[in-house]
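A short reminder: the numbers here are calculations on the coordinates, not readings from a lab. Everything numeric here is computed off the predicted structure, so don't read it as measured data. As a convention, Cβ positions derive from the backbone with ideal geometry for all residues, glycine included, and neighbour counts pool all protein chains shown.
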Amino acid sequence: MRVQPENVAAGPGLRPIAAIQVNATAAYLLFIPIGGRVDLDRVVNRMLIVAAKTMGADKIAALEFEVTPDSGVWTLRKLLGWRSARASGLAVQVEAAPADLTADDGPEPPPGPGAGDGAP
């Protein structure tokens, strides 16, 4: 969903483009995934970031994600059940920082009156 940059705060030097969310679900039958495996790598790297780059974003801000656990009692869910993962964030463009016109001045104060004439 595209957002209006003037209505969404993304942080200094970031211009928000869109709020995005991706979901993936895989059904399981006797521990065999039907429709592919679901994990955070797939949801974040292969889906969320690709969607953001397609919209012209440079980065994802405020990244949130969750996945159904894969161990413990949750393993029984793979007998006849599903596993899901979700990731969301704010697609942003990085704005160029303004040029520092005083970068060459250094940390010392500029010379005052009488500098260079030997006066203390």
**Report entry** Per-residue HN-Hα couplings for region 52-62 [Karplus 6.51, -1.76, 1.60; θ = phi - 60°; Hz; x = Gly/Pro]
**Finding:** 5, 5, 4, 7, x, 7, 9, 8, 10, 9, 6
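Based on other C-beta atoms within 10 Å, arrange Leu76, Leu14 from fewest to most.
Numbers: Leu76 10, Leu14 19.
Final ranking by Cβ density, sparse to dense: Leu76, Leu14.
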Requested in this report: Evaluate the Kirkwood expression for the hydrodynamic radius of region 11-65, namely the inverse of the mean inverse distance over all pairs of different C-alpha atoms, and round to one decimal in Å.
Outcome: 12.9
